[in-house]
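The values are calculated or read from the model by the stated rules, or taken from the named source; none is laboratory data. All values derive from a computational prediction rather than experimental measurement. Methodologically, a virtual Cβ is constructed for each residue, glycine included, from the backbone with ideal geometry; neighbour enumeration extends over all protein chains shown.
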Amino acid sequence: MLAGIHVRTCLCARAIVCVLFVSLLQVINAYRKGNKKMDEPLVMFYAIELLRAVEAMHAAGVLHGDIKPDNILIRDDDSSDSSWLYAPSQGFGAKGVELIDYGCAIDRNMYPEDTVFVGRRCFCV
């Protein structure tokens with residue numbers, strides 16, 4: 001199990017559901033430490049999930065402004081150590097991503113439509 005696990009608990013339909021999240025940075029560091037590589041289908045799945053999350057934010061008029069591995073949480077409802085491996089029989093139903101830290105986010109709906117946003121090198125405070 002990776003250190004620094006984020007747990008989100010919610011009350012859904014009279015049952016408590018706990019979902020485990022680990023930052024992408026923690027996953028990358030764990031793989032580097034073990035001199036291993038994540039299975040390619042799993043990498044592609046997480047990349048697609050991240051792109052879907054960004055696409056949904058942009059459709060809502062929100063720019064995140066600070067996407068980096070530390071601001072991407074990886075959901076894995078299977079807590080076994082082998083859960084980071086691709087298992088075709090189990091699918092990816094228990095896996096996913098969630099973006100966090102919207103401190104640098106921009107709501108495009110608050111600006112005129114022709115506003116151009118330019119990236120910057122400074123840190124958001």
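Assorted remarks:
- Cβ-Cβ contacts under 6 Å between residues 6 or more apart (or on different chains), taken from a first residue in the range 98-119 that is in contact (Cβ under 8 Å) with a residue 60 or more places away in the chain and exposed (fewer than 10 other Cβ atoms within 10 Å of the Cβ) to a second residue that is among the basic types (K, R) and assigned to a strand (DSSP E or B), are absent.
- Qualifying residue in the range 48-62 (condition: assigned to a loop (DSSP other than H, G, I, E, B), modelled with pLDDT of 90 or more and farther than 17 Å from L25 by Cα): yes
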